[in-house]
Amino acid sequence: MSSENLFELNNVAKRFTKGKETISIFEGLNMHIKKGDFMAIMGPSGSGKTTLLNLLGGVDQPTSGEITFAGQRIDNLSESKLAKWRANNIGFIFQFYNLMPMLNAAKNVELPLLLTNLSSSERKKQVATALQLVGLSDRAKHMPSEMSGGQQQRVAIARAVVSDPTFLLCDEPTGDLDRQTADEILEMLQLLNRQFGKTIVMVTHDPSAAKFASHTVHLNKGKFVKAEELMA
Amino acid sequence: MSTLLSQSAAVIKMNIQSLPRRLWMSLAMVFASAVVVAILLAFLAMAKGFDATMQSAGSDDIAFFMRVGSAAELNSSASREQVNLIENAPGIMRDEQGPMVSAELYVIVDGVKKSSQTEANLPLRGLDQRGVTMRKGFTLVAGRMFEPGTDELIVGAGVLREFDGFDLGQEIRFGKYTWKVVGVFSAGGNVFESELWADAKVIQNLYNRGSSYQSVRARLEPGASLDAITAYLKSEPRLTHEVQTESAYFAEQGKSLAYMAMFGWVISCIMALGALAGALNTMYTSVSDRAMEIATLRAIGFSNFSAFIGTMAEAMALAVLGSLLGSLVAYIFFDGLNASTLGGSFTQVVFSFKLTPELFANGITLALIIGFVSGFFPAWRAARVPVILAFQAGR
Ligand SMILES: Nc1ncnc2c1ncn2[C@@H]1O[C@H](COP(=O)(O)OP(=O)(O)O)[C@@H](O)[C@H]1O
Ligand SMILES: [Mg+2]
């Protein structure tokens with residue numbers, strides 16, 4: 001095991017069972033993600049991108065195989081240990097932002113800090129820093145419904161980084177945005193990767209989005225393939 | 001662990017803030033709980049009010065004598081000779097006029113209820129000044145005392161309030177005889193206010209009772225023993241009476257509406273089942289309405305406990321809100337509501353509904369049970385919302 005590998009997946013299988021039917025998404029999947037990487041995962045719809053992201057993010061567990069994070073097995077953690085692990089290590093960025101509609105921007109960004117022992121004034125300070133980072137200091141009191149999609153996604157990014165996790169998981173973060181707004185969001189992710197050293201895995205089916213990543217892997221029917229194979 | 005509180009507090013707050021999205025369903029749950037609580041309180045207040053009217057009438061230091069086997073005054077009797085014997089019982093207080101004993105008559109006359117204009121039984125009590133002074137809280141609120149030996153009577157404030165024809169100065173006819181209302185008395189809201197009082201001798205005369213009475217009251221000396229009096233009654237063959245304190249007698253009479261409280265519990269528990277079905281539906285809807293938010297919070301690292309508590313809190317809050325509304329409605333419409341009903345002697349007892357903190361606590365407890373049960377199962381579901389749902393928005 002290499003010490004610079006943040007994630008390692010060994011012989012991972014994932015199957016869903018619905019009634020008598022079993023759908024196999026992954027069989028014998030191996031991969032590793034280096035610390036400081038910005039990886040784009042591309043592939044056609046239904047190829048298992050979101051499922052892989054869920055496994056990496058510890059919101060779903062493999063049917064068999066091992067997943068280690070910084071040398072520690074996470075595939076066999078209990079649900080409550082996983083929740084703590086997610087809180088400490090992972091920032092999520094969703095396609096549809098997933099902001100709490102009843103909370104303003106600052107309160108949304110503060111949510112992960114409620115899982116820490118920070119005092120209220122420390123939390124406020126960190127929220128302000130995160131909002132400043134995404135350029136929304138002046139929108140702290142705005143409700144999600146009063147913001148554009150791009151602004152909402154920036155609030156979501158602030159929420160993902162506010163507790164300073166090492167790892168960011170993005171599922172189609174620009175899937176719901178126009179080109180220009182999407183590029184702004186992607187530049188922001190790039191900045192987080194380059195200047196703040198965040199390891200990022202981003203699922204996308206948009207080739208121009210993938211260009212912002214440092215490298216791209218392709219998934220097809222649950223297997224990593226070369227880009228050329230996918231075109232063929 | 002230490003963050004469990006802050007997590008739960010935040011989730012509860014978000015939950016409550018999301019209520020406007022489910023406004024009508026949530027209000028339906030509030031109203032259903034309110035109706036259940038209001039109905040329960042109505043019945044309990046009725047039973048409580050009746051009980052209080054009876055209970056407050058009795059004194060611990062008055063011995064009350066009735067013929068063995070008579071459940072109420074109406075069925076009792078005591079001859080002049082028996083009254084004289086009772087006067088010699090041990091432990092009975094005396095003053096310059098002799099033993100403090102009141103032999104009384106209790107006959108039934110007709111009155112017309114103001115509310116329904118129907119005839120109902122009223123007790124006409126025959127007593128003398130001695131008997132009047134044995135009633136605690138007795139005051140003449142208008143007019144004067146009846147003159148012994150005349151066809152004058154005084155009317156209890158409750159009778160005046162609930163029945164026609166008893167205004168001061170009015171003449172009223174019972175059977176062959178006409179009486180004159182010369183005074184109105186109050187007795188601190190107790191059952192005596194549901195009576196008409198006149199001179200015992202006049203009633204003996206008009207109702208052909210010769211020299212006999214019905215019940216006998218006697219003021220007890222401090223520390224007097226009922227056991228000693230009972231022994232005296234047993235040892236005297238001419239006496240066929242038993243003794244209890246006046247308060248014990250009325251406490252027993254007060255229980256005659258206890259079935260109303262039982263009935264109230266049965267009715268409101270049946271209704272609570274209906275409210276519960278609606279509340280469960282409301283809460284399951286709440287969980288599916290918030291599923292995305294629950295999953296997102298879980299992805300961020302919030303515990304499933306916080307999802308559980310958030311849902312429980314919402315259910316409890318709605319049920320408690322309902323119980324407060326129901327209590328308020330019950331307080332406005334039922335507390336102090338005047339009513340009259342048949343008491344133990346087949347006569348009308350005028351009383352008012354009475355709500356006490358203890359009764360409100362009963363209502364709130366019932367609502368808490370509705371809230372708990374209707375919250376528990378949906379909360380269980382909330383705790384098990386799959387986290388991967390957070391990635392499935394728009395699917
Ligand atoms: N919870 C689930 N139960 C059953 N099948 C699922 C579940 N989640 C995903 N799938 C199936 O797994 C396959 C891969 O899904 P997903 O990882 O979401 O693909 P992608 O994100 O690449 O479009 C799809 O066929 C999908 O229907
Ligand atoms: Mg997907």
> Is it true that B:ALA38 is in contact with a Gly (Cβ under 7 Å, 6 or more places away or on another chain), in the same structural domain as B:ALA277 (by TED's automatic domain parsing) and more than 30 Å from B:PHE163 (Cα to Cα)?
Replying inline: no
> Scanning for something over 21 Å from B:VAL349 (Cα atoms), touching a helix residue (DSSP H, G or I) at 6+ places or on another chain (Cβ under 8 Å) and modelled with pLDDT of 90 or more, does region B:150-171 turn up at least one residue?
Replying inline: yes
>> Looking at A:PHE94 and the list (1) among the hydrophobic types (A, V, I, L, M, F, W, C); (2) buried (at least 23 other Cβ atoms within 10 Å of the Cβ); (3) farther than 17 Å from A:CYS170 by Cα; (4) in contact with a strand residue (DSSP E or B) (Cβ under 9 Å, 6 or more places away or on another chain), which single condition is not satisfied?
In response: (3)
>> For the structure I just gave you, tell me whether A:LYS18 is within 13 Å of ligand 1 (Cβ to nearest atom), surrounded by 14 or more Cβ atoms within 10 Å (Cβ to Cβ) and over 24 Å from A:VAL134 (Cα atoms).
In response: no
>> For B:PRO237, only one of the following conditions fails: (1) crowded, with 22+ Cβ neighbours inside 10 Å; (2) out of contact with any Asp or Glu (no Cβ under 9 Å at 6 or more places or on another chain); (3) within 22 Å of B:ILE86 (Cβ to Cβ). What is its number?
In response: (1)
>> Quick check on this structure: which one of B:GLU104, B:GLU96, B:GLU87 is within 31 Å of the chain's Cα centre (by Cα) and in the same structural domain as B:PHE192 (by TED's automatic domain parsing)?
In response: B:GLU104
> Which one of A:PHE16, A:PHE38 is touching a residue at least 24 places away in the same chain (Cβ under 8 Å) and of a type in the set (A, V, I, L, M, F, W, C)?
Replying inline: A:PHE38
> From B:ALA313, B:ALA330, which residue is more than 16 Å from ligand 2 (Cβ to nearest atom), part of a helix (DSSP H, G or I) and surrounded by 24 or more Cβ atoms within 10 Å (Cβ to Cβ)?
Replying inline: B:ALA330
>> Is it the case, given these coordinates, that A:ASN88 is away from ligand 1 (no atom under 16 Å from the Cβ), assigned to a strand (DSSP E or B) and either surrounded by fewer than 17 Cβ atoms within 10 Å (Cβ to Cβ) or without any contact (Cβ under 8 Å) to a residue 12 or more places away in the chain (or both)?
In response: no
> within 15 Å of ligand 1 (Cβ to nearest atom), in contact with a helix residue (DSSP H, G or I) (Cβ under 6 Å, 6 or more places away or on another chain) and away from chain B (no Cβ under 14 Å), is that true of A:ALA40?
Replying inline: yes
> Failed condition for A:PHE69, given (1) surrounded by fewer than 22 Cβ atoms within 10 Å (Cβ to Cβ); (2) under 18 Å from the mean Cα position of the chain (by Cα); (3) within 13 Å of chain B (Cβ to nearest Cβ), with all others met?
Replying inline: (3)
> Any residue at all in region A:204-218 that is within 12 Å of A:GLN153 (Cβ to Cβ), more than 14 Å from chain B (Cβ to nearest Cβ) and more than 16 Å from ligand 2 (Cβ to nearest atom)?
Replying inline: no
> Has region B:387-394 got any residue that is in contact with a Phe, Trp or Tyr (Cβ under 6 Å, 6 or more places away or on another chain), modelled with pLDDT under 90 and assigned to a loop (DSSP other than H, G, I, E, B)?
Replying inline: yes
> Which numbered condition trips up A:SER78, out of (1) within 19 Å of the chain's Cα centre (by Cα); (2) within 13 Å of chain B (Cβ to nearest Cβ); (3) under 21 Å from A:LYS14 (Cα atoms)?
Replying inline: (1)
> List pairs: first in region B:204-225 and at positive phi, second outside any strand (DSSP E or B), Cβ under 9 Å, 6+ apart or cross-chain?
Replying inline: B:GLY210/B:SER79; B:GLY210/B:ARG80; B:GLY210/B:GLN204; B:GLY223/B:GLY91
>> Given the criteria closer than 26 Å to A:LEU29 by Cβ and within 14 Å of the chain's Cα centre (by Cα), does A:PRO62 qualify?
In response: no
> Of all residues in region A:32-58, which are within 19 Å of A:PRO207 (Cβ to Cβ) and within 11 Å of ligand 2 (Cβ to nearest atom)?
Replying inline: A:ILE41, A:GLY43, A:PRO44, A:SER45, A:GLY46, A:SER47, A:GLY48, A:LYS49, A:THR50, A:LEU52, A:LEU53
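The values are calculated or read from the model by the stated rules, or taken from the named source; none is laboratory data. All values derive from a computational prediction rather than experimental measurement. Heads up, the Cβs are rebuilt from the backbone with ideal geometry, glycines too, and the neighbour counts pull from every protein chain shown.
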